[in-house]
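Asker: Just passing along the structure, written as C-alpha cells.
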Amino acid sequence: MKKIVFMGLLAFSSTVFAQEKEKGTVSGGFETNAQWYLNDKCLFDEFHNPVVHPEDPLRSNSYLFVNYKIKNWTFGIQGEAYEQQALLNYNPKYEHANVATYFAQFKNEQVDITAGYYYEQFGSGLLLRSWEDRALGINNALRGLRFIYKPTKYFTLKTLYGQQRTGFDVSEGKIYGADAELALSDIFKFEKDELTIGFTYVGRDEKTDIVNPKFNNWTNAFAGRINYSHNGYYVSSEYDYKSKDAVVQVKNQIDNNLIKPGSAFLLNMGYSEKGFGVDATFRRLENMSFYSERLAKGNQYNDLIMNYVPSLTKQHHYNLANIYVYQAQPNVILNDVNMVKAGEIGGQIDLFYNFKKGTALGGKYGTKVALNYSQYHGLGGEFYIFAPQDYHTDFLGFGKKYFTDANIEITKKWNDKWQSGFTYINQYYNKKYIQETYGEVKSNIIGAESTYKFSTNKSIRVQAEHLWANSDKKNWASLLTEFNLGSKYALYVSDMYNYGNDDAKLQHHYYSIGNSYRVKSTRIALAYGRQRGGLVCVGGVCRYVPESTGVSLSLNTSF
C-alpha cells in the first residue's frame, strides 16, 4: 500500500512538474543517532544486576526526509531505519527500514489541503495534537486528509480525517476532527485589544471486541477557548469535555463496568513589560488520557497518544533538578484505599524581574532574577474501590499532594567576559502517586554556573550542583565543564555522583565525555559515558531510559 501511494505521489508530482515546466526546490535532511552499548560490571541496577550490553549492542535510529516544492505544491517523504534495532527503550514497533511518512500538499492564501501524513494541533492540544519528537521516540502523525480554509483573515476552519501512525503502520481507530477560530478583534476593529474564540470537535471511532459493551464505538470530544490581550496583559482559557468511555486501569484490560467521561480546564494569564513579567497557569485534568486505541492507554512509549498533556512545571537545565521530574497525571486508578486517583489539579506561577543597570542590585550590567513555584494535587472527591467501582470528584477539590517545586534563579554579568548564574530549588515528589511505586522525597538543590569568554567565539562554562534528599537515592553531586573552541568545535566533561546512596554498591558515578564539530549545516557529535536510569523529558513529556554505558554518535545535516 505504501509503495502504491508513494509511486502515485511521484507520478502526480511528475505530472505537475511537466505541466508547470518550471524547476521546483528540493530540501531535506538526514539524522542518525547511534549507540554502541558496552558491558559495565561496575554499574548496577536497583536489583544489583550489573549492566550488560543488550542483544545487538550496536544500534541506531536514522531519519531521511526529502521535500519537493513547486509553486503551491509540496511533496514529501520520510524514510526511517532502526538497525540493528532501535535504541534502548524506544517503541519496539520501530524496527528495520521502511517508508515512515509521505504527503502531498496544495497551499495558497485561502486553501491548504494535505493528503497523506500530516501534523496538527487544535487549541492547546488537550484534545488533539500530532507531532514528532525524535528524542522521545514520538511520531503520532495522522494519515488521511486535512483541509484548512481561510476565507478571510479573521476566520480559520480546519477539518481532518486520519489514522495515527504506530511504528510503520497506522491505528485501528479512526479520528475525525474540526476546529474553527474567529478573530473578533479584527471583525470589530479593536485597535488596542486582541480577542479570539475557538471551538473544537474530535471524534474517535474504534470497534471493540468486548461482549455487550456498555460504551459506544464513538468517543466524542468538544472544546471551547478564548484568548484576550490588552497592552502587556493577556489571558486565555480552554475547557475540554470527552464523552463517556470505558476506563482502562490495568494494562490491556478494558473495564466494561467503569464508564466515565473526561474533562480538562486550562487558565493562563499574565503581564509583561520591559524588565518585568509574571505568568500564572492553572490546570485541572479528570480522566483525560486519549488514545486512538483504548488498549494503548498507559503504554510507556506514548504510542497512539492523541492529545498533548505536558507537565506544566519549570523546565530546569540543571542535571540534578531533573531527577525528580513531574509527569502529568490524567489517568484513573482505583487500586485500593491508599491508591486512588482520577486526575490532577494545580498550576504554576513565574515571575521575572531585571534590576536595571546602575542600581544598587543591578550594578554596572544589571541583574536578572526569576522565581517559579508549581504545585499539583490529585483531584479531591469520593472514590469507591469495591464493585461497582466509581468516583465523584469536586471541580476545585484538592486531594493528595503530588508535587511542589519552588525555585529562584539569579543571573549576573560581572564584566564583558564573565557571567554567572545561581539557583536554589526545593522539591517535594510523591513517588508513590507519580510513578505508582512507593515513597516520598523531599529535596533541596543548589547550583552555580559561570561562563568566561576568552574571545568572541571561545569560552569555558563550569556548572556545579548538589542535591540533598531525605530518602530514595539521597544525596548527589554534579560537575560539568564545557569548552567552546571556536564556532565549530565544542568539548564537554561531566560527572554525576550519587555518593549519598545508603546502598554502597549503588553509589555510582555517571560520567560522560563528548565533543561536537559543526560545519555549515552539518553537526557531528561523539560521546562516551554512563546513562542514569530514569525519566528523560522534553517539553514536559517524558520517556523512561534504563541504566547503560556506551559510545554514542550523532550526525545531523540539512540541505
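Asker: Restricting the range 469-482 to residues that are open to solvent by less than 70 Å² (accessible area, probe 1.4 Å) and in a strand (DSSP E or B), which is farthest from Lys41 (Cα to Cα)?
Answerer: Glu482
Asker: Which condition breaks for His316 when tested against (1) touching a helix residue (DSSP H, G or I) at 6+ places or on another chain (Cβ under 8 Å); (2) touching a residue at least 60 places away in the same chain (Cβ under 8 Å); (3) of a type outside the set (S, T, N, Q); (4) open to solvent by 40 Å² or more (accessible area, probe 1.4 Å)?
Answerer: Only one criterion is unmet by His316, namely (4).
Asker: Under the condition of being open to solvent by 40 Å² or more (accessible area, probe 1.4 Å) and of a type in the set (S, T, N, Q), which residue from the range 74-88 is modelled with the lowest pLDDT?
Answerer: Once the filter is applied, the top-ranked residue is Gln84.
Asker: Answer yes or no as to whether Asn220 is assigned to a strand (DSSP E or B), under 27 Å from Leu142 (Cβ atoms) and without any contact (Cβ under 8 Å) to a residue 60 or more places away in the chain.
Answerer: On the way: assigned to a strand (DSSP E or B): yes; under 27 Å from Leu142 (Cβ atoms): yes; without any contact (Cβ under 8 Å) to a residue 60 or more places away in the chain: yes.
Judged against the criteria, Asn220 is a match.
Asker: Let me ask something additional. Name every residue in the range 328-342 that is out of contact with any Ser or Thr (no Cβ under 8 Å at 6 or more places or on another chain), within 16 Å of Asn287 (Cβ to Cβ) and either among the acidic types (Asp, Glu) or open to solvent by 20 Å² or more (accessible area, probe 1.4 Å) (or both), in order of residue number.
Answerer: Those that are out of contact with any Ser or Thr (no Cβ under 8 Å at 6 or more places or on another chain), within 16 Å of Asn287 (Cβ to Cβ) and either among the acidic types (Asp, Glu) or open to solvent by 20 Å² or more (accessible area, probe 1.4 Å) (or both): Asn335, Val340.
Asker: Of (1) outside any loop (DSSP other than H, G, I, E, B); (2) in contact with a strand residue (DSSP E or B) (Cβ under 6 Å, 6 or more places away or on another chain); (3) open to solvent by 10 Å² or more (accessible area, probe 1.4 Å), Val325 satisfies all except one. Which?
Answerer: (1)
Asker: Additional query: Given (1) of a type outside the set (Lys, Arg); (2) surrounded by fewer than 16 Cβ atoms within 10 Å (Cβ to Cβ); (3) in a strand (DSSP E or B), identify the lone condition not met by Asn252.
Answerer: In the conditions (1) of a type outside the set (Lys, Arg); (2) surrounded by fewer than 16 Cβ atoms within 10 Å (Cβ to Cβ); (3) in a strand (DSSP E or B), Asn252 misses (3) alone.
Asker: Being under 20 Å from Leu157 (Cβ atoms) and open to solvent by 30 Å² or more (accessible area, probe 1.4 Å) narrows it down to one residue among Asp193, Asp186, Asp209; which is it?
Answerer: Details: Asp193 fails: under 20 Å from Leu157 (Cβ atoms); Asp209 fails: under 20 Å from Leu157 (Cβ atoms).
Of the residues listed, the single one that is under 20 Å from Leu157 (Cβ atoms) and open to solvent by 30 Å² or more (accessible area, probe 1.4 Å) is Asp186.
Asker: Now for a different question. So which of Lys400, Lys412 is farther than 24 Å from Asp240 by Cα, touching a residue at least 12 places away in the same chain (Cβ under 8 Å), of a type outside the set (A, V, I, L, M, F, W, C) and open to solvent by 10 Å² or more (accessible area, probe 1.4 Å)? I'd like the intermediate steps shown before the answer.
Answerer: Numbers: Lys400 fails: farther than 24 Å from Asp240 by Cα.
That would be Lys412, the only listed residue that is farther than 24 Å from Asp240 by Cα, touching a residue at least 12 places away in the same chain (Cβ under 8 Å), of a type outside the set (A, V, I, L, M, F, W, C) and open to solvent by 10 Å² or more (accessible area, probe 1.4 Å).
Asker: Follow-up question, since we're still on this one. Determine which member of the set Tyr511, Tyr452, Tyr517 is among the aromatic types (Phe, Trp, Tyr), open to solvent by 40 Å² or more (accessible area, probe 1.4 Å), part of a strand (DSSP E or B) and within 27 Å of Asp416 (Cβ to Cβ). Walk me through it before giving the result.
Answerer: Numbers: Tyr511 fails: within 27 Å of Asp416 (Cβ to Cβ); Tyr517 fails: within 27 Å of Asp416 (Cβ to Cβ).
Every option except Tyr452 fails the conditions.
Asker: Evaluate the following for Ile460: is it within 21 Å of Arg59 (Cβ to Cβ), open to solvent by 30 Å² or more (accessible area, probe 1.4 Å) and among the aliphatic types (A, V, I, L, M)? So that I can check it myself, show each step before the final result.
Answerer: Working: within 21 Å of Arg59 (Cβ to Cβ): no; open to solvent by 30 Å² or more (accessible area, probe 1.4 Å): yes; among the aliphatic types (A, V, I, L, M): yes.
It is false that Ile460 is within 21 Å of Arg59 (Cβ to Cβ), open to solvent by 30 Å² or more (accessible area, probe 1.4 Å) and among the aliphatic types (A, V, I, L, M).
Asker: Out of the range 89-146, which residues are of a type in the set (Val, Ile, Thr) and either open to solvent by less than 60 Å² (accessible area, probe 1.4 Å) or not in a strand (DSSP E or B) (or both)? I'd like the intermediate steps shown before the answer.
Answerer: From the range 89-146, those of a type in the set (Val, Ile, Thr) are 99, 101, 111, 113-114, 138; that's our starting set.
Correct list: Val99, Thr101, Val111, Thr114, Ile138.
Asker: Follow-up question, since we're still on this one. Starting from the range 49-60, keep only residues that are within 9 Å of Gln85 (Cα to Cα) and at pLDDT 95 or above, then list their pairs with residues that are open to solvent by 60 Å² or more (accessible area, probe 1.4 Å) and of a type outside the set (Phe, Trp, Tyr) whose Cβ atoms are within a distance under 7 Å, requiring at least 6 positions of separation or different chains.
Answerer: Note: pairs meeting the criteria are Leu58/Gln84; Arg59/Gln84; Arg59/Gln85; Ser60/Glu83.
Asker: Name every residue in the range 528-559 that is open to solvent by 30 Å² or more (accessible area, probe 1.4 Å), of a type in the set (Val, Ile, Thr) and out of contact with any Ser or Thr (no Cβ under 6 Å at 6 or more places or on another chain), in order of residue number.
Answerer: Scanning the range 528-559 gives Val536, Val538, Val551.
The values are calculated or read from the model by the stated rules, or taken from the named source; none is laboratory data. On a predicted model such as this, the values are computed, not experimentally measured, just so you know. Methodologically, a virtual Cβ is constructed for each residue, glycine included, from the backbone with ideal geometry; neighbour enumeration extends over all protein chains shown. We work out accessible area using only protein heavy atoms, side chains counted, and drop any ligands, DNA or RNA first. Shrake-Rupley method; radii C 1.70, N 1.55, O 1.52, S 1.80 Å.
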